1. Does VAL165 qualify as being in a helix (DSSP H, G or I) and β-branched (Val, Ile, Thr)?
2. Consider ILE207 carefully, then state whether it is crowded, with 22+ Cβ neighbours inside 10 Å and in contact (Cβ under 8 Å) with a residue 24 or more places away in the chain.
3. For the range 169-184, which residues satisfy the criterion of being surrounded by 22 or more Cβ atoms within 10 Å (Cβ to Cβ) and farther than 18 Å from TRP121 by Cα?
4. Based on what the data block shows, is LEU136 in a loop (DSSP other than H, G, I, E, B) and either acidic (Asp, Glu) or within 21 Å of GLN13 (Cβ to Cβ) (or both)?
5. With respect to the numbered conditions (1) hydrophobic (A, V, I, L, M, F, W, C); (2) modelled with pLDDT of 95 or more; (3) surrounded by fewer than 19 Cβ atoms within 10 Å (Cβ to Cβ), which one is the sole condition not fulfilled by TRP65?
6. Give the residues of the range 134-186 that are under 17 Å from the mean Cα position of the chain (by Cα), closer than 22 Å to PHE55 by Cβ and of a type in the set (S, T, N, Q), sorted by residue number.
7. Against the condition surrounded by 15 or more Cβ atoms within 10 Å (Cβ to Cβ) and either in a loop (DSSP other than H, G, I, E, B) or modelled with pLDDT under 95 (or both), how does ARG187 come out, does it pass?
8. List pairs: first residue in the range 76-94 and without any contact (Cβ under 8 Å) to a residue 60 or more places away in the chain and hydrophobic (A, V, I, L, M, F, W, C), second residue assigned to a loop (DSSP other than H, G, I, E, B) and surrounded by fewer than 19 Cβ atoms within 10 Å (Cβ to Cβ) anywhere in the structure, Cβ distance under 6 angstrom, at least six positions apart or on different chains.
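The values are calculated or read from the model by the stated rules, or taken from the named source; none is laboratory data. Please read these numbers as outputs of a predicted model, since none were measured by experiment. In this analysis, Cβ positions are derived from the backbone assuming ideal geometry, glycine residues included, and neighbour counts consider all displayed protein chains.
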Amino acid sequence: MTAEHRLIEQKSQMRMEAAAQALMETETSFRLNLSGLLDRFFVPQSYDDTPVGSFVGLDTINLHWIMDNWFAYRPVDNDPLSFTRSSGQVIRPTPMLTDGGSVPSIATVTASLLGRTINPWVHLPAFLLHDWEFELHHCQLSQKSFDQVRDTMMEGVKTLMETGVVARDMAVFRAIYIAIDSFIARRIWDARPGQCTLPVLPTPDQIPEVA
């Protein structure tokens, strides 16, 4: 078993345990607050209020298959994936292991009700930003909050839509938001893996500061 396989096993185990714990803790409150959940679902997340940034390196995203749904993201040296937020903050993922974005089942249900299908590979650049910032958090290398990382990804999703890279779809935008803002996503954020699962630690200048 390679080092990458061991890191993937660790990441997968952490995610499964966090998701299972979240489901157990919220089963009762979910039933009691179903009407509130439905209210949240039918009130659209503000697409218009989400700013637009800019991507570079979209055509050089370099993924190497490792196992199952897991890939090693290895940025191209002279043209890596990079996202500049509307605030000017630059997000440039370093090497990491990714499954393209684990979309919690709540997003699948939400999307189905809206007649849509969520496929993280369609919005891969935005999911890579999200995966990497989760990794930085779990490695205790970033001071960003859950909400800040969530909002960065949604800005990335809107940027892909507004620049014509993917279809502009409000239902998909809302379903992705619900997925990455879910209690399962928050539980995974709060979990701590046994060790940092980044294959290579980024240098301090590669870690985005809190905006």
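1. Details: in a helix (DSSP H, G or I): no; β-branched (Val, Ile, Thr): yes.
Criteria not met by VAL165.
2. Details: crowded, with 22+ Cβ neighbours inside 10 Å: no; in contact (Cβ under 8 Å) with a residue 24 or more places away in the chain: yes.
Against the criterion (crowded, with 22+ Cβ neighbours inside 10 Å and in contact (Cβ under 8 Å) with a residue 24 or more places away in the chain), ILE207 does not qualify.
3. Listed by number, the list holds a single entry, ILE184.
4. Spelling it out, it is not the case that LEU136 is in a loop (DSSP other than H, G, I, E, B) and either acidic (Asp, Glu) or within 21 Å of GLN13 (Cβ to Cβ) (or both).
5. (2)
6. Within the range 134-186, SER142, GLN148, THR152, THR159 meet the criteria.
7. Numbers: surrounded by 15 or more Cβ atoms within 10 Å (Cβ to Cβ): yes; either in a loop (DSSP other than H, G, I, E, B) or modelled with pLDDT under 95 (or both): yes.
Answer is yes for this residue.
8. VAL76/ASN62; LEU81/GLY57; LEU81/ILE61
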